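The values are calculated or read from the model by the stated rules, or taken from the named source; none is laboratory data. From a predicted model like this one, the values you see are computed outputs, not experimental measurements. Please note: Cβ atoms are built from the backbone with ideal geometry, for glycine as well, and neighbour counts cover all protein chains shown. Side chains included, ligands, DNA and RNA excluded: accessible areas come from the protein's heavy atoms. Shrake-Rupley method; radii C 1.70, N 1.55, O 1.52, S 1.80 Å.
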Amino acid sequence: MTKVPVAIRHIPAPGPPSCLALALALLAASPLGQAVTLIDYGADWKLWRGKKTPSRPDYWAWTKAEHDDSDWESATLPVFFGEKVTDGTELEDMKSRYNSFFLRRKFDAPDPDTVTSMTLRAKVDDGFVAYINGTEVARYNVETEKPKYTSAASKAASEPLRFRNYALKNLGEILLDGENTIAVIVLNQRRTS
């Protein structure tokens, strides 16, 4: 059985920092371990603005693969507000109105037994928690154990924003053979930031 290293990585884009920039890449089973992009920078995601809970009655349903996100809007990454970014989705209504937003995206993965490593690379202002198929895989600047749409990042992100790498663990328990879902909550430290 060939083990396939997997990476979730950034694909450089022009422009200054944004609220969130996230891309996924997969190192395919080849002699050279060549990277194959699963979700490209600038891809469309499902977006839920944090004005109210994204799923009811089970608040955490939004993190799971089977959640129906058909009423979520489509958004191109990066998602931002108050930045000078040429592409992506600007949340012009966010400042002083809501503190969070949610993103979901489906992606295909190979047999989980062949995946040896996976890395999430993200740039965020101020914090985030990421889930794959309902299981938390990475977080930055969020101390709240189970953040909700009314939660806040624990502190402001350091400027200038930089991409950070997050090694994902227990992939055999998280990934499904075929379609998977990554879900992300992004939080500001305060509504006016």
> When segment 43-57 is examined, which residues are found to be open to solvent by 30 Å² or more (accessible area, probe 1.4 Å) and over 17 Å from Lys148 (Cβ atoms)?
Replying inline: Asp44, Lys46
> Considering segment 72-94 alone, what residues qualify as being over 24 Å from Tyr59 (Cα atoms), surrounded by fewer than 18 Cβ atoms within 10 Å (Cβ to Cβ) and over 13 Å from the mean Cα position of the chain (by Cα)?
Replying inline: Gly82, Glu83, Lys84, Thr86, Asp87, Glu90, Glu92
>> Can you pull out every residue in segment 133-180 that is of a type in the set (Asp, Glu) and in a helix (DSSP H, G or I)?
In response: Glu173
> In segment 160-179, what residues are on the phi < 0 side of the Ramachandran plot and in contact with an Asp or Glu (Cβ under 7 Å, 6 or more places away or on another chain)?
Replying inline: Leu161, Gly172, Asp177, Glu179
> Somewhere in segment 171-186, is a residue open to solvent by 60 Å² or more (accessible area, probe 1.4 Å) and without any contact (Cβ under 8 Å) to a residue 12 or more places away in the chain?
Replying inline: no
> Can we say Arg162 is touching a residue at least 12 places away in the same chain (Cβ under 8 Å) and loosely packed, with under 12 Cβ neighbours inside 10 Å?
Replying inline: yes
> Taking segment 103-132, which residues are surrounded by fewer than 19 Cβ atoms within 10 Å (Cβ to Cβ) and assigned to a strand (DSSP E or B)?
Replying inline: Lys106, Phe107, Asp108, Thr116, Ser117, Thr119
